1. I'd like the residue in the stretch 131-141 that is closer than 18 Å to Phe52 by Cα and touching a helix residue (DSSP H, G or I) at 6+ places or on another chain (Cβ under 9 Å) and, out of all such residues, is modelled with the lowest pLDDT.
2. Taking the conditions exactly as written (modelled with pLDDT under 95, closer than 30 Å to Ser81 by Cα, surrounded by 19 or more Cβ atoms within 10 Å (Cβ to Cβ) and touching a strand residue (DSSP E or B) at 6+ places or on another chain (Cβ under 9 Å)), does Thr223 satisfy them or not?
3. Restricting attention to the stretch 146-160, which residues are modelled with pLDDT of 65 or more and loosely packed, with under 14 Cβ neighbours inside 10 Å?
4. Please verify whether Gly14 is within 21 Å of Val175 (Cα to Cα), out of contact with any Gly (no Cβ under 7 Å at 6 or more places or on another chain), among the small types (Gly, Ala, Ser) and at pLDDT below 90, treating the condition exactly as stated.
5. In the stretch 113-152, how many are under 24 Å from the mean Cα position of the chain (by Cα) and small (Gly, Ala, Ser)?
6. Considering Lys135, Lys195, which residue is of a type in the set (Lys, Arg) and under 29 Å from Lys309 (Cα atoms)?
7. Mind counting the residues in the stretch 93-135 that are of a type in the set (D, E, K, R), assigned to a helix (DSSP H, G or I) and farther than 30 Å from Ser258 by Cα?
8. What's the number of the only condition in (1) in contact with a strand residue (DSSP E or B) (Cβ under 7 Å, 6 or more places away or on another chain); (2) of a type in the set (Asp, Glu); (3) in a loop (DSSP other than H, G, I, E, B) that Asp256 fails to meet?
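The values are calculated or read from the model by the stated rules, or taken from the named source; none is laboratory data. Treat the numbers as computed from the prediction; the structure is a model and nothing was measured. Glycine also receives a Cβ, built like all others from the backbone with ideal geometry; neighbour counts cover every protein chain displayed.
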Amino acid sequence: MKKIGLLALSLYIGYSSFAQSPYDQVDFLKEGKANVKMGGKVAKSFVENPTFINDYYFNQATFMKGESQAKPVSNAASVFSDVTLLGISPEGMQKLVEELYIHMVGELDKIGFKLVDGDALLQTKAAQDQIAKGKNNFMIGQTGDEPIFDKQSAFDIGVYGVKERLYFRPAGKNVYVFTGNIPGTFYGKVAAAEKTNMISVGYNITFANFKGSSTISSNKLKTQAGLEVTPVIQLVNPDGLFTWITFGQSYEGKNDWSEGLIETDKNDGSYWGISSNAAYSLVADEAKYLDELRKIIMAMQVDIAAAIKAEM
């Protein structure tokens, strides 16, 4: 079982010397109404046993839809808005996820996690049996350097308003992820076989918000830039016991990265009393957008690691 390489940790030391960010003063656990309860048995396991980061990802929204429903007795109809994010390159996001993965490794190492690369877990009979099933509700193996596109259907439960998104993961890392609804023993059997904990760290990232204003006689919908980040943290111990760090609300970043909305289509049905729809492109300054994300997530990761340490 190989430990996470010294290269990642040495790169992390460089990040710790960065100039302070205003987000260093934010209590993200408090602001996000986070619930951190690992439980004694799970916490003890993360002290005694090695840990595999079984997933690390950014879930970046690329297409969002907002709506303002008309009041039941209103003369106005519903209003809808579609908005696409422009200006952010996959290469830029990929570089950022690589950078912040290294930072997360450093934070977990600092609080005493004995991190391993997951090679041994993926070679266990339990993992190989899952691979042999050939189903499409899991990811097992090494990550590539291309994002994964996902389109939300009407039946999906996901981030509100997000219709299309890209998943970014650091390249060349082992992952062991169940993407269905009920994992059953998917994690527990593999964790038990190697007596290893697992931690999954993800960030849901949205770029727009929608503010509706409905009265008896009118219905309006304002679409604007709105960067929000929500961490998604899952931990599993070798006994198959799960725990989560859940955030009750997203953190809202600054929006000076926005270069404005461009209207690309419009269907005004208000004259006929039918729904209206407008489509926009929200243009981003890539450098400012990525820098804002970097500052927020880096500060979040410091708080998340500290919260885990407090439970240990």
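1. Filtering first and then ranking leaves Phe138.
2. The answer is yes for Thr223.
3. Once the filter is applied, which keeps residues that are modelled with pLDDT of 65 or more and loosely packed, with under 14 Cβ neighbours inside 10 Å, the stretch 146-160 yields Glu146, Phe149, Lys151, Tyr160.
4. Spelling it out, it is not the case that Gly14 is within 21 Å of Val175 (Cα to Cα), out of contact with any Gly (no Cβ under 7 Å at 6 or more places or on another chain), among the small types (Gly, Ala, Ser) and at pLDDT below 90.
5. The qualifying residues number 3.
6. None of the others qualify; the one that does is Lys195.
7. Qualifying residue count for the region: 7.
8. Going through the list (1) in contact with a strand residue (DSSP E or B) (Cβ under 7 Å, 6 or more places away or on another chain); (2) of a type in the set (Asp, Glu); (3) in a loop (DSSP other than H, G, I, E, B), Asp256 breaks only (1).
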